[in-house]
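Shown next, in structure tokens, is the structure this report addresses.
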Amino acid sequence: MDVSAVILSFNRLGALERTLREVVSQRWAQRGEVIVVDNASTDGSPAMVREKFPGVRLIELPENRAIAGFNVGAREARAECLFILDDDSYPEEAGVEAALAHLRGNPACGGVMLHRRHPGTRRAEWPFDQPEISGTQHRWPDMGCANLVRREAWQRVGGYEEGFFLYRNDTDLALKLLGAGYDVVFNPAWQAWHDSIVATHKTDRWLELSTRNWVWMARRHGRRGVGLLVSLLGWLHAHRLAGSRGSGHHAVLRGVWSGVTKRCPALPEGVRPDGSELWRLMRLKMRWR
């Protein structure tokens, strides 16, 4: 078994059905297993999975545990590689096969981020299509909605940080893997399609939680003043994303306050960042945002 796909679901029946139809039709999934972890959806998603995708393993949680559901699914996975996938995302088959081949041939590689694009507009969520970003990029400080992760590496760094609840947990995972000595790679030719409204419209909830988690991430991975500088730059960028909405700016301020005053989740033992990967992430964002 090459890979265990772990898909987290919450009240997005239509998106989940499309994702599953795409996933189960691909050869890598047919060689492996597909797991759906449902966060107590009320829209009939679990019943749809049971009826239309009987070959998919369904785990129904009694309450919405947000990203902790990915950790639940990963503990049930049987393959040596995890494919961590949002319920509104699905990959191109060739990209998954290429990423799996890279993981097989490079034991030091802990994870791969697929290049996420919108299926309608074909636009990248980050403007990654730059002349200098071609081929396989190493020590990549980011992950997103579609990530392949070596299960041993996932377990070593503790998977997603459940204290984040939502947002920034994927980027934090990339930084944890790098801080534990693994490589994380990105190749713009290895793609996944992501149909998410949050990619283009930042809700107040997103602004608050993502800002808090950005500050926590900076505190976790920054060293020698890098964390403070990255926190400040992220704070300013969050206000830019809020646009003209007063409620959005208040949400950013609440997020900053929580990130500064509340206890930051501790890094797992063995994850020792030096601040350089966090700073590289910030330089990428400053350059292309």
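A short reminder: the numbers here are calculations on the coordinates, not readings from a lab. Keep in mind that this is a model prediction, so the values were computed, not measured. No Cβ is skipped: glycine too gets one built from the backbone with ideal geometry, and neighbour counts run over all protein chains shown.
What to note about this one:
- When each full DSSP H helix of the chain is screened for a Cα extent of at least 20 Å along its own axis and an average Kyte-Doolittle hydropathy of at least -1.0, the helices passing are 226-242, 246-261.
- Here's the picture: a label point sits 7 Å out from the Cα of R287 along the beta-carbon direction, and within region 184-226 the residues with their amide nitrogen under 19 Å of it are 184-190.
- By the helix-only formula, in which each DSSP H run with n ≥ 4 contributes -39500 (n - 2.57) and the sum is divided by residues, the chain has a 222 nm mean residue ellipticity of -14000 deg cm²/dmol.
- Rounded, prolate or oblate (a/c below 1.5 giving rounded, otherwise prolate when a/b exceeds b/c) for region 204-288 by Cα gyration tensor: oblate
- When both bridge partners sit in region 1-133, DSSP labels roughly 5% of those beta bridges antiparallel.
- In this label model, L233 and E269 are separated by 3.4 nm, measuring between points 7 Å along each Cα→Cβ vector.
- Potential extension, E63-E125 segment - 0.36 nm per residue separation minus Cα distance: 19.3 nm
- For region 142-235: rounded, prolate or oblate by the Cα gyration tensor [a/c cutoff 1.5]: oblate
- Remark: the L166-S258 segment gains 31.7 nm on full extension, using 0.36 nm per residue and subtracting the alpha carbon distance.
- Approximating the spin labels as points 7 Å out from Cα along Cα→Cβ, the R223-to-R75 distance works out to 3.2 nm.
- Reachable lysines, given that their alpha-carbon falls under 22 Å from the alpha-carbon of K176 and they are not under 8 places away in the same chain: K262, K285
- Gain upon complete extension [V24, R205; 0.36 nm per residue less C-alpha separation]: 61.9 nm
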